Amino acid sequence: MAEKHGNLSINSDNIFPIIKKWMYSDHDIFVRELVSNGCDAITKLKKLDVMGEYELPEDYKPSIQVIVNPEEKTLKFIDNGIGMTADEVEEYITQIAFSGATEFLEKYKDKTNTDQMIGHFGLGFYSAFMVADDVHIDTLSYKEGAAPVHWECDGSTEYTMQDGDRTTVGTEITLYLNEDCLEFSNEYRVREVIEKYCSFMPVEIFLSKANAPQEYETIDEKDLRDDDVVVEHIHEDAKYEEKEKEDGTKEQVEVSPEKNQVKINKRPVSLSDTQPLWTKHPNECSDEDYKEFYRKVFNDYREPLFWIHLNMDYPFNLKGILYFPRINTEYDSIEGTIKLYNNQVFIADNIKEVIPEYLMLLKGVIDCPDFPLNVSRSALQNDGFVKKISDYISKKFADKLTGMFKTDRENYEKFWDDINPFLKFGCIKDEKFSEKMMDYMLYKNIDGKYLTLEDCIKENQKADGKSGSESAAADENETSSNHSDDSGDTAAAETDKANGEAGSDSSKETEKEPKEPEKTTIYYVTDEIQQSQYINMFRAQGMDAVILKHNIDSAFISHVERIKENVRFQRIDADLTDDMKEENSEDLTDATKTLTDLFRKVLDKKDLEVKVENLKDENVSAMVTLSEENRRMQEMMRMYGMTGMDPSMFGGQETLVLNAKHPLVKYVLEHGDGENTPMFCEQLYDLAMISHKPLAPDAMTKFVNRSNQIMMLLAK
C-alpha cells in the first residue's frame with residue numbers, strides 16, 4: 001500500500017491540546033486505556049476462534065507486552081490480538097466516533113476533574129497523546145491475506161499511513177514521550193501504574209526494559225517447560241558424611257541427594273492476576289485465600305473480621321468481595337476503600353456512592369460491567385442504578401450478620417465490640433436494615449455477657465421476680481405513697497368510684513383512651529468506672545444492666561424505643577429503684593427538709609433538689625441522679641452545640657440523694673450549725689458528683705484540698 005496522508009475526521013484543530021489538558025485529571029490513566037484496548041483485541045480474537053471463524057495456533061498464549069526504553073524515550077504496548085486492516089485503522093483510529101466537535105469542546109473544556117470524557121466517545125487510544133509527541137501503530141489483521149499497516153501521527157490533525165513490516169497478528173503501539181512525561185520510560189514508574197490500574201486484567205501483562213541484559217534463574221530439570229530457553233545443564237553429585245553408629249562403627253550417610261538442574265533465561269512474571277478471587281465461586285475459596293487477597297490488595301496485615309463474597313447476575317451483573325477490617329479507632333481512619341472494576345479493569349477507588357453511608361469503613365472490590373470506565377462522583381450521586389447496588393450490599397451485609405448470629409454466635413460476639421457502632425448507625429439510617437437486624441443486635445451486660453433485646457427483657461423480669469407490668473404498677477404505687485398517705489387513700493377512693501361507674505355503665509369503657517403498652521425498663525451504663533458505685537448496688541440486689549458507652553448509643557436506644565414499644569431504657573443513675581431502699585422505713589420528711597435547706601445554703605444552690613432515703617447499702621453516703629429525659633435533652637444540646645443553654649429550662653436537674661443510715665449524713669443532720677458541717681456538706685456533694693460525672697477542674701482542685709483538710713482533722 002502506498003503512503004497515504006490525510007486529516008483526522010474532526011471539526012476542530014484543537015482536539016489534541018484538549019485531550020492533553022482536560023481529558024483526565026491523572027495522566028497515568030493512558031496506560032489503562034492502551035492495555036484495555038489490547039485486552040479487547042485479544043478477547044475478540046478468542047471469540048472468533050470459538051465461533052469457528054479463525055483458528056488460534058496451538059501454542060497461542062494471549063499476552064500484552066509493555067516495553068520501556070529510556071534511551072530512545074519510548075514506551076511500547078504490544079498485543080497478540082485481532083489486529084487491524086488498513087480500512088479498520090482508517091475507521092477506528094482516524095475517524096473519531098462522534099459528531100459536532102465544536103459543541104464537544106464547549107461542553108467539556110471547563111470540566112477538568114469532574115467529568116471524564118474518553119468513555120463517552122471511544123477516545124481511549126487518543127489518551128496516548130497526553131504523554132506523547134508522536135504515536136506509531138504497527139498492526140496486522142487476523143484476516144487471510146491482510147497486509148501489515150504502519151500509522152503515524154505527531155499530535156496534529158495530520159497523519160500518515162503506509163505498508164508496515166509486522167509479521168505476526170496483533171498490534172504494536174509506540175509512544176515517543178514528550179519531555180514532560182519521560183517518567184513513563186522508567187521501568188519502576190510504569191510498573192507502579194500497571195499495578196494500580198491493571199492488576200486484575202483478564203490477560204497476562206509483562207513489563208520489560210529494552211536492551212536490558214538477560215537475567216537467568218536455576219530450576220530443577222524436572223520443572224523445565226517447553227518454552228524455557230536452556231542456557232546450561234547443571235549436575236550435582238550426592239553428598240555424604242561419615243557418622244558414627246551406636247555400636248561405634250562408622251558409615252557413610254547421604255546428606256544431600258543428587259541434583260539435575262538447568263540454568264534458563266529468567267521467566268517473565270505477569271503483573272496481572274487473570275483470575276482474581278472475586279471471579280471464583282465462594283466454594284472454591286479458602287479462608288486463607290480471602291486473607292491473602294486482602295493483604296495483597298490493601299497492604300493491611302491485620303486480619304479482617306469477616307468478609308462477604310458478592311455474586312449477582314440479576315437484575316444487574318455484579319461480583320466482588322467486601323471486608324470488614326479490624327480497626328483501632330484511636331489511630332486509624334474509619335474510612336475504607338472500595339475499588340471499582342469493569343470486567344477486571346480498574347475504574348476508581350474513591351467512589352463512595354456504591355456503599356451505604358454506615359458501611360464506609362468497608363474495604364473491598366466491586367466488579368460491575370455496567371459501570372462506565374469514565375465513572376465519576378457527579379455521575380453517580382443521583383444514579384438510581386447505584387442506589388440499587390447500595391441497597392443490595394446492605395441486604396447482603398445484613399444476611400451475613402444474621403447468618404453468623406445463627407450459626408457462629410461465638411465469633412459474632414467476638415466481633416461485636418468492633419462492629420456494633422456501625423450496625424447501630426445503620427439501623428438509625430436505614431429502616432430495611434433495622435428491620436433485618438433489630439432482633440440480632442447484642443447488648444453486653446455488666447458481667448460481660450452478650451444478650452439480645454429479648455434476653456435483656458427476660459433477665460430483667462427474672463431479677464424482679466415479677467412481670468414488667470407488675471413492676472410498672474409497683475413503681476407507680478410507690479411513687480404515689482412517697483408523696484403522702486392521704487394521696488394514696490384519695491387515689492384508692494377515686495379508683496373504687498371509677499370501678500363502680502364502669503360497672504354501672506359498661507359502654508363508657510369503650511370511650512376510654514387506649515392504654516399505653518406495658519414497658520420493661522432496661523438499665524444501662526455509660527462509664528463502668530465512673531458509675532461503679534451504682535453498678536455495685538445493682539449487683540448487690542441481683543439486678544442487671546447493659547453497657548452502652550459509644551456516642552451513637554443515645555440515638556440508638558431512642559430508635560429502639562420507637563420500634564419496640566414494650567421497652568424503655570434508663571441509665572443506671574437516673575433514679576433509685578425500690579430494691580435499693582429499705583422497706584417500711586421511717587418517715588424522713590423532717591430530715592429531708594432540714595438537709596435540703598442546709599445543702600442549698602452551703603452549696604449556694606437555691607434550686608438543688610435533695611432526697612433522703614434509707615438505702616440498703618450502708619457504705620453509700622450520697623448519690624446523684626438525673627432523669628433519663630433530662631439527660632437525653634442535655635446530650636442532644638451538646639450534639640447540636642447548644643452548650644450555653646441552661647438544661648433545667650427543659651425540666652429537671654441533678655438530684656442529690658443522701659443515705660440517712662450513713663454516719664456522715666447523720667453527723668451533718670445532728671451538727672447542722674457545727675464548724676465543720678459546711679466542709680462535710682461540700683465533700684458529700686462532690687463525692688456524689690464524682691460517681692455521676694467528672695468534676696470540673698476548679699471543683700476537682702477544691703475537692704483535693706478539702707480532702708487534705710479532712711485528713712488533717714483526723715490526724716489531730
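The values are calculated or read from the model by the stated rules, or taken from the named source; none is laboratory data. Computed from a predicted structure; not experimentally measured. With ideal geometry, Cβ positions are generated from the backbone for all residues, glycine too; neighbour counts draw on all protein chains shown. We work out accessible area using only protein heavy atoms, side chains counted, and drop any ligands, DNA or RNA first. Shrake-Rupley method; radii C 1.70, N 1.55, O 1.52, S 1.80 Å.
Where only protein heavy atoms count, and the probe is 1.4 Å, what is the accessible area per residue for the range 224-326 in Å²?
Details: 6670 Å² over 103 residues.
That works out to 65 Å² per residue.
The range 286-364 and the range 180-230 have Cα centres spaced 28 Å apart. For Val546, the residues whose amide H sits under 5 Å from its own are Tyr523, Tyr524, Val525, ignoring neighbours fewer than 5 places away on the same chain, with H placed 1.01 Å from N. The calculated FRET efficiency for Lys387 paired with Glu454, based on their beta-carbon distance and R0 = 56 Å, is about 0.95. Basic side chains Lys and Arg get +1 at the Cβ, acidic Asp and Glu get -1 at the Cβ, and with that the dipole of the range 186-312 about its Cα centre reaches some 920 debye. Listed values for the range 162-175 are Karplus-derived 3J(HN,Hα) couplings in whole Hz (6.51 cos²θ - 1.76 cosθ + 1.60, θ = phi - 60°), namely 8, 4, x, 10, 6, 10, 10, 5, x, 9, 10, 10, 10, 9, and x replaces Gly and Pro. Restricting the calculation to Cα atoms, the range 146-231 yields a radius of gyration followed by a Dmax of 18.1, 56 Å. Per-atom-type breakdown for the range 520-596 gives carbon and sulfur 42% of the accessible area (1.4 Å probe, protein chains only).
Using Cα-Cα distances under 8 Å and only pairs 6 or more residues apart, what relative contact order does the range 283-372 have, in percent?
Result for the range 283-372 is 28 percent.
The protection proxy used here, the mean number of other Cβ atoms lying within 10 Å of each residue, ranks peptides 244-254, 587-597 as follows, highest first: 587-597, 244-254.
Expressed as a whole number of Å, what is the distance separating the alpha-carbon centroids of the range 384-444 and the range 565-618? Computed from Cα coordinates, the inter-centre distance equals 41 Å. Measuring only protein heavy atoms, the 1.4 Å probe finds Asp349 accessible over about 60 Å². Short-range pairs are left out: with C-alpha atoms under 8 Å and at least six residues apart, the relative contact order of the range 574-634 is 47 percent. Within the straight-line cut-off of under 17 Å between alpha carbons, the lysines reachable from Lys601 are Lys593, Lys611, sequence neighbours fewer than 8 places apart in one chain being disregarded. For the range 550-586, backbone nitrogen atoms closer than 11 Å to the point 7 Å from Leu664 Cα along Cα-to-C-beta are found at no residue. Run the paramagnetic zone check for Asp287: 7 angstrom along Cα to Cβ, then residues of the range 387-406 with backbone nitrogen under 19 Å. Zone members listed by number: 400-406.
Using a 1.4 Å probe and counting only protein heavy atoms, arrange Leu669, Leu140 so the residue with the most accessible area comes first.
Output order, biggest surface exposure first: Leu669, Leu140.
For the range 191-257, dividing the convex hull volume of the Cα atoms by the residue count gives 217 Å³ per residue.
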